[in-house]
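What follows is one structure encoded as structure tokens, with my remarks underneath.
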Amino acid sequence: MTDPVHDELLHRWHTTLLAARDGAPLPDPRPYGENLLARWAEPQRRYHTTAHLTAVLDHIDTLAAYAEDPELVRLAAWFHDAVYRPDRSENEERSAALAERALPEAGLSADATAEVARLVRLTVTHDPRPGDRNGAVLCDADLAVLAAGSDTYGGYARAVREEYAFVPDDAFRAGRSDVLRHLLGLPRLFRTPHGEAEWEKPARLNLAAELERLGM
């Protein structure tokens, strides 16, 4: 039995990689896409799953006009959580290193590979510099879940807790509260015009409501 989500994502990967390497048909994109999808389906994941990947890609589609290189931003989305262990702090660096190994072999130029890896590393801080249009699009797309409706946001928060099930409740509440306060203290969560206009206010309401629920 085929998995329509898997097949759709594999098609999107194929289209993106071909566009990023100017239509060159070889090497075959499929093995690289299959490897990434296997990573995104690992059992330790509850939020950082193929559903998150799909959502980020969809948000990039919404924001693509703001990017200088939308196909490279899409490739960065594929790699940004490709390595993910909730008990480790170097996931973004390891994901960027994976991109640096895989993409040249998959036919991407050195400059394009470097840009993808840079974007992946940017998801550590979600703080692109002024004028970094690719970075603004990737970071906004990754954070867009913060502006979701209450049911979707609640599911996101529960999934994050499940990924950190090994952390005791008190420690999780304290750590999560620190993260929420940090986000609420930022002058801007979103850097694209669309993100600022459409996502900033609902995201702040969601973050404040979750912080209140945590009681910290």
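The values are calculated or read from the model by the stated rules, or taken from the named source; none is laboratory data. Computed from a prediction, not measured in an experiment: that's the story for all the values here. So basically every Cβ, Gly included, is an ideal-geometry build from the backbone, and we count neighbours across all protein chains shown. Heads up: the accessible areas ignore ligands, DNA and RNA and are worked out on the full protein's heavy atoms, side chains in. Shrake-Rupley method; radii C 1.70, N 1.55, O 1.52, S 1.80 Å.
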State all residues of region 16-33 that are surrounded by 13 or more Cβ atoms within 10 Å (Cβ to Cβ) and assigned to a helix (DSSP H, G or I); if no residue qualifies, say none.
16, 17, 18, 19, 20, 32, 33
Given the options 101, 85, name the one that is without any contact (Cβ under 8 Å) to a residue 60 or more places away in the chain and under 15 Å from the mean Cα position of the chain (by Cα).
85
Hey, can you tell me all the residues within region 1-15 that are open to solvent by 80 Å² or more (accessible area, probe 1.4 Å), closer than 26 Å to residue 153 by Cβ and modelled with pLDDT under 95?
4
Yes or no: residue 141 within 25 Å of residue 198 (Cβ to Cβ) and crowded, with 18+ Cβ neighbours inside 10 Å?
yes
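This table checks each residue for (1) at pLDDT 95 or above; (2) outside any loop (DSSP other than H, G, I, E, B); (3) open to solvent by 40 Å² or more (accessible area, probe 1.4 Å).
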| position | (1), (2), (3) |
| --- | --- |
| 42 | yes, no, yes |
| 58 | yes, yes, yes |
| 71 | yes, yes, yes |
| 77 | yes, yes, no |
| 87 | no, no, yes |
| 111 | yes, yes, yes |
| 121 | yes, yes, yes |
| 125 | no, no, yes |
| 145 | yes, yes, no |
Condition (residue is on the phi > 0 side of the Ramachandran plot and surrounded by fewer than 17 Cβ atoms within 10 Å (Cβ to Cβ)) applied to region 195-215: is it met by at least one residue?
yes
Could you list, in sequence order, all residues of region 183-214 that are in contact with a helix residue (DSSP H, G or I) (Cβ under 7 Å, 6 or more places away or on another chain), closer than 15 Å to residue 153 by Cβ, of a type outside the set (Asp, Glu) and part of a helix (DSSP H, G or I)?
183, 184, 202, 203, 204, 206, 207, 208, 211, 214
